[in-house]
1. Take the residues of region 126-136 that are in a helix (DSSP H, G or I) and without any contact (Cβ under 8 Å) to a residue 40 or more places away in the chain: which is surrounded by the fewest Cβ atoms within 10 Å (Cβ to Cβ)?
2. Got a sec? Which of V272, V264, V335 is in a helix (DSSP H, G or I), in contact with a helix residue (DSSP H, G or I) (Cβ under 8 Å, 6 or more places away or on another chain) and either open to solvent by less than 10 Å² (accessible area, probe 1.4 Å) or in contact (Cβ under 8 Å) with a residue 12 or more places away in the chain (or both)?
3. Would you mind telling me which numbered condition in (1) small (G, A, S); (2) farther than 26 Å from K294 by Cβ; (3) at pLDDT 95 or above S266 fails?
4. Does I125 qualify as being over 24 Å from the mean Cα position of the chain (by Cα) and not charged (D, E, K, R)?
5. Restricting the first residue to region 343-370 and requiring it to be among the small types (G, A, S), which pairs with a second residue that is part of a helix (DSSP H, G or I) and open to solvent by 70 Å² or more (accessible area, probe 1.4 Å) meet a Cβ separation below 6 Å and a spacing of at least six or different chains?
6. How about region 433-454: which of its residues are surrounded by fewer than 20 Cβ atoms within 10 Å (Cβ to Cβ), of a type in the set (D, E, K, R) and assigned to a helix (DSSP H, G or I)?
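The values are calculated or read from the model by the stated rules, or taken from the named source; none is laboratory data. Every value quoted in this text rests on a predicted model; they were computed, and no experiment measured them. Here the Cβ is made from the backbone with ideal geometry for all residues, glycine too, and neighbour counts use every protein chain on show. These area figures cover heavy atoms from the full protein model, side chains too; ligands, DNA and RNA do not enter into them. Shrake-Rupley method; radii C 1.70, N 1.55, O 1.52, S 1.80 Å.
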Amino acid sequence: MEKLFKESLFNRIYIYILSLLRSSFLFDYTKPQYKLRTYNDSLKGSHLYKLLAKLDEKMSRFYKKLNKVYKESFIRSIVDKFNTAFHESIIYKGFIKLTGVNYFGFIFVLVIVAYIFTDYIIRRIPGLSSFANYWDEFYFLFMIFYIAMRRMNSNGSIRYNFTPFGFVLAVYFILGIIHVLVVQPNTKIAIEGFRAMFQHILWYYIFVQFFTNENIVKTTSKFIMHGGFLLGLHALYQFIFKVKMPGNWIDSSESIKVRAFSIVGSPNILGVLFVLIIPLAIALFLIEKNKKSKAIYFIEVMVMLLGLLLTYSRGAWIAFALAIFVFILFTNVRVLTPFVILGSLFIVSGNSLSTRLLYMLTPEYMFKSASGGRIYRWTIGLKVWSKHKFWGVGLGRYGGAVALNNDLSPFYLDNYYLKTLVETGYYGICAIGFMIIGFLISTLKVVFTQKNLDNKILACGLFCGALGVLIQNSVENIFEFPAMIIYFVMYAALIMGLRNKGIDYESTSSN
């Protein structure tokens, strides 16, 4: 019987599937195997990668031909003169000195790294404000053009940087398209809902073409940290001078007068930005060797921590605590006890911060939440979903910004995963679950295969920041804010930029 099974078609298919899984960086299930292999190792056995590599080889030949035409054109001489003059300029030399990155095109990425600030400035410049809702889409197209031109100038030698999480996002994006085709009570609204949920993940494919080595990853991470520091300073300013909040962000039974919101307009979004950035800033502080820089990073971390507290965002506090808990587990378990003690002291301190946190446990809060707060909205949302369990009511039709703008929903659901369930049903929640699991697997394998301690700590900081965002999505519609999706995939791309720093393929492969 055993012999018949071994010779059967079923067994051959089973063995073939196992071989595919073992050749995959993402889906390799054997713990010793993935610890001994780097991403490049997995690529050598990946059928999908081989197919994509062949397609990319054809693109490289196309760029070679394009470059030949370009060299023979009059435009080449003009561009060369400009490049020569520019590379000798103070601006270029200053940029290189500031960033440590030896090509100026990296500045185009920094525009998106500073998305919060870029968007804020554009919305306040007369003449540009009318494009405020579309500037990032035009810029995305520009970045595609820039990457294409960069490949052409390299005579096709620069190849596309394929990554495991890129495959996950591609599947997730395609699943979104299928849902729009199947469920569209109103095509216009369905497309709006699709854009809100899926469009901004495409930035990942731009980022991974730039975040290709640890130097660029560290430089980008420092820019993110400095941006968070500026938000922290602004939060302190708002609290000290009691700047009026733009919305009703305080319960009538609480004595809080001010919640910091900075330039993002929402204490909760500001809070999640700090949740995203602080673990990364702590990682940069830990790996910094220069004492002066280390002191500056410490100050920046403290300012951001104060900013986080002054948002009075309970969801952000909880997400941050869980993210730092994971960070400690990954980096230094001995710090766990002091962390728990400090957290406990904060909770029982009796100040306005701990009072707001503990207020969630009171019968009064539960009653208000069940009467018109989160619990009430979640209950209504589940009732709506119960009538459309598999496909949901359709993208953009309940619990989010698109639904509210089209008068289809009475409120925000304040839970991105529940919103996804109501709008896309079991189908959509499985899709986003696949995306999250793919993120966890692909990034954690990068973390666990690091042999350089500094890179491991940096990867942990990036991972825990992104994890905090995923956690806070359970009590807020965080991914409704375009910047947060962009920053989430940016962090994934940064982690992927460290992926080749695992155990060396040449010294460990038995293939």
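1. Here the answer is S130.
2. Residue meeting the stated conditions: V272.
3. So S266 meets the others, but not (3).
4. Spelling it out, I125 is indeed over 24 Å from the mean Cα position of the chain (by Cα) and not charged (D, E, K, R).
5. Between residues of region 343-370 that are among the small types (G, A, S) and residues that are part of a helix (DSSP H, G or I) and open to solvent by 70 Å² or more (accessible area, probe 1.4 Å), the close pairs are A370/Y376.
6. D454
So that you can scan it fast, the table gives a plain yes or no per residue for (1) under 15 Å from the mean Cα position of the chain (by Cα); (2) open to solvent by less than 20 Å² (accessible area, probe 1.4 Å); (3) polar (S, T, N, Q):
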| position | (1), (2), (3) |
| --- | --- |
| F207 | yes, yes, no |
| S221 | yes, yes, yes |
| A235 | no, yes, no |
| F239 | no, no, no |
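Per-residue answers, yes or no, for (1) in a helix (DSSP H, G or I); (2) in contact with a Pro (Cβ under 8 Å, 6 or more places away or on another chain):
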| residue | (1), (2) |
| --- | --- |
| H388 | no, no |
| G394 | no, yes |
| K419 | yes, no |
| G428 | yes, no |
| A431 | yes, no |
| K456 | yes, no |
